[in-house]
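For reference, the structure discussed in these notes is given below.
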Amino acid sequence: MQLSLNLEIPTDTGATAPLVLPAAASQRRRSAGKMRHYGGAAAEDIAVRAYEGRGLTVLERRYKTSDGELDLVLLDDEQLVFVEVKRCKRRSAWDSPVSPTQWRRLERAAQHYLASYATETGAHPFCRFDVALVNELGAAEIVENAMTFGA
């Protein structure tokens, strides 16, 4: 059952305006989740443009495995590049944007991708992990070899 109220409050000009009550907590969480999703997708678009500007080819976006998700998988000549994209509002958040637990999950997802890639292509390329940091203005900073594979 949903209860709706039509309340009005006086404004500075003497007129009245509808009273807007805060959304329920679950609705706020859903809205926040959607905003994070869209913000993450926008940050990935920015990272893709930055990498394409460097001549890399996008192979996968949001590659999902049972162990985790790779935001981007790119090809740099014959090297695979796994990219974790992070939106950061503050420069201080860029110091350690990926936790050790996240790195382990990314490594396992990359191992899945490498096995699939080898099966499909017969190739066993070198690979690296990058982090693409995107600020609130849409500027991207790419940190190549942010983590050594297998470390």
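None of the figures in this text is laboratory data; all of them are computed from the coordinates on show. The model shown is predicted, which means the values in this text are computed figures rather than measured ones. A quick note on method: Cβ atoms are made from the backbone with ideal geometry, for glycine too, and the neighbour counts reach across all protein chains shown.
Conditions (1) on the phi > 0 side of the Ramachandran plot; (2) touching a residue at least 40 places away in the same chain (Cβ under 8 Å), marked per residue:
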position	(1), (2)
Ala50	no, yes
Gly55	yes, no
Arg62	yes, no
Glu78	no, yes
Ser116	no, no
Ala140	no, yes
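When restricted to residues that are loosely packed, with under 15 Cβ neighbours inside 10 Å and over 16 Å from Thr57 (Cα atoms), the stretch 122-140 contains 7. Residues of the stretch 124-150 that are of a type in the set (A, V, I, L, M, F, W, C) and assigned to a loop (DSSP other than H, G, I, E, B): Phe126, Leu137, Ala139, Phe149. Summed over the stretch 48-72, residues that are more than 15 Å from Val143 (Cα to Cα) and either touching a Gly at 6+ places or on another chain (Cβ under 8 Å) or aromatic (Phe, Trp, Tyr) (or both) total 1. Output yes when any residue across the stretch 98-107 is basic (Lys, Arg), under 14 Å from the mean Cα position of the chain (by Cα) and either in a strand (DSSP E or B) or surrounded by 15 or more Cβ atoms within 10 Å (Cβ to Cβ) (or both), and no when none is. No, there is no match, as no residue in the stretch 98-107 is basic (Lys, Arg), under 14 Å from the mean Cα position of the chain (by Cα) and either in a strand (DSSP E or B) or surrounded by 15 or more Cβ atoms within 10 Å (Cβ to Cβ) (or both). One residue stands out among those in the stretch 118-138 that are among the hydrophobic types (A, V, I, L, M, F, W, C) and touching a residue at least 12 places away in the same chain (Cβ under 8 Å): the one that is nearest to Phe82 (Cα to Cα), which is Phe129.
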